[in-house]
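S.K.: This is the structure I have questions about; it appears just below.
The values are calculated or read from the model by the stated rules, or taken from the named source; none is laboratory data. What you see is a predicted model, and the numbers here were worked out from it, not measured in a lab. Cβ placement follows ideal geometry from the backbone for every residue including glycine, while neighbour counts extend to all protein chains displayed. Note: accessible area is taken over every heavy atom of the protein model, side chains too, but ligands, DNA and RNA are not part of it. Shrake-Rupley method; radii C 1.70, N 1.55, O 1.52, S 1.80 Å.
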Amino acid sequence: IKLLSIFRAAPVGIGMVINRVFQEANDMLCHMTGYNREELLGRSARMLYPTQEDYDYVGQEKYRQISEKITGTVETRWKRKDGTIIDIILSSTQLDPDNLTKGVTFTALDITEVKQAEEALRASEEKYRSILENIEDGYFEVALAGNMTFFNPAMCKIANMSAEELLGMNNREYTSPETAKKMFSVFN
């Protein structure tokens with residue numbers, strides 16, 4: 001009864017496959033995929049993969065990991081019933097450690113929103129870096145200790161120094177003692 005309760009209440013998709021054919025699927029797995037239980041059970045997991053290559057990769061990598069350490073985890077993509085592609089972390093373990101043919105249980109966590117947020121952050125960072133690298137004003141960043149950690153090409157030109165010379169240089173070495181004292185009084 002406890003395991004059945006977990007199966008129903010878990011906020012992740014849970015299922016069981018034998019030879020990659022669905023034998024069990026919880027409500028969350030159905031919700032994630034857009035298929036009802038009857039549409040999943042008895043069918044190949046291939047139906048969820050957008051390409052044969054995705055399906056093959058998961059089978060090879062996950063089962064390689066299972067053979068080495070009984071559990072395998074991969075990041076992959078699934079295609080929902082409505083055609084939407086979602087990003088998934090799929091983790092599986094064999095039911096019988098001595099006999100893989102008895103099937104595996106798996107959990108599936110939808111990480112689509114996380115992947116989208118990562119991509120948006122990456123795009124924002126690229127835009128920010130592009131702006132900084134192309135402005136004519138010198139720009140630099142320093143760690144709390146005062147060592148330069150980032151600077152744009154304009155800073156190299158203004159300082160009349162190469163990037164190698166500036167990287168790691170302590171800002172106190174570059175700025176006048178009066179300016180350095182004003183800048184670092186904030187941190188002391």
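S.K.: Taking a probe of 1.4 Å, how large is the accessible area per residue of the chain, in Å²? Before the final figure, lay out the partial values.
M.R.: Numbers: 11890 Å² over 188 residues.
Accessible area per residue: 63 Å².
S.K.: Also: Checking a compactness column here: for the stretch 1-122, what do you get for Rg(Cα) / (2.2 N^0.38 Å), N being the number of residues? Numbers along the way, then the final one.
M.R.: Details: Rg = 14.2 Å, N = 122, 2.2 N^0.38 = 13.7 Å.
The value comes to 1.04.
S.K.: For the chain: lysine pairs with Cα atoms under 30 Å, gap of 8 or more or different chains, count?
M.R.: 18
S.K.: When the chain is fully extended, how far beyond the present Cα-Cα distance does S5 get from I158, taking 0.36 nm per residue of separation? Numbers along the way, then the final one.
M.R.: On the way: separation 153, 0.36 × 153 = 55.08 nm, distance 6.65 nm.
Separation in residues times 0.36 nm, less the Cα-Cα distance, equals 48.4 nm.
S.K.: Using a 1.4 Å probe over the heavy atoms of the protein chains, calculate the carbon and sulfur portion of the accessible area of the stretch 5-124 as a whole percent.
M.R.: Details: 3500 of 6650 Å².
For the stretch 5-124, the apolar C and S fraction of the accessible surface comes to 53 percent.
S.K.: What are the principal axis extents of the Cα atoms in the stretch 1-62, in Å, biggest first?
M.R.: So the extents along the principal axes, rounded to whole Å, are 37, 22, 20.
S.K.: Of the candidates I88, I111, I158, which one comes out as most mobile in a Gaussian network treatment of the chain with C-alpha springs shorter than 10 Å?
M.R.: Looking only at I88, I111, I158, the biggest GNM fluctuation is shown by I158.
S.K.: Also, I was wondering about something else. For a quick check, take a GNM of the chain with Cα springs below 10 Å and name the residue from V142, V104, V21 with the largest mean-square fluctuation.
M.R.: Highest fluctuation among the options: V142.
S.K.: In addition: Return the calculated 222 nm mean residue ellipticity for the chain, to the nearest 500 deg cm²/dmol, obtained by summing -39500 (n - 2.57) across DSSP H runs with n ≥ 4 and dividing by the residue count.
M.R.: Working: 9 runs with 83 residues, N = 188.
Value at 222 nm, helices only: -12500 deg cm²/dmol.
S.K.: List the residues of the stretch 75-113 whose backbone N lies under 19 Å from a point placed 7 Å from the Cα of E61 along the Cα-to-Cβ direction.
M.R.: 75-80, 85-94, 105-113
S.K.: Still on this structure, please answer the following. Compute the relative contact order of the chain as a whole-number percentage, counting only Cα pairs closer than 8 Å that sit 6 or more residues apart in sequence.
M.R.: In percent, rounded to a whole number, it is 13.
S.K.: Taking the chain as a Gaussian network, where each spring joins two C-alpha atoms under 10 Å apart, which residue of M28, M16, M148 fluctuates the most?
M.R.: Of M28, M16, M148, the Gaussian network model singles out M148 as fluctuating most.
S.K.: So how far apart, in nm, are the two label points at Q52 and D82 if each is 7 Å from Cα heading toward Cβ?
M.R.: Label at Q52, label at D82, 3.0 nm between them.
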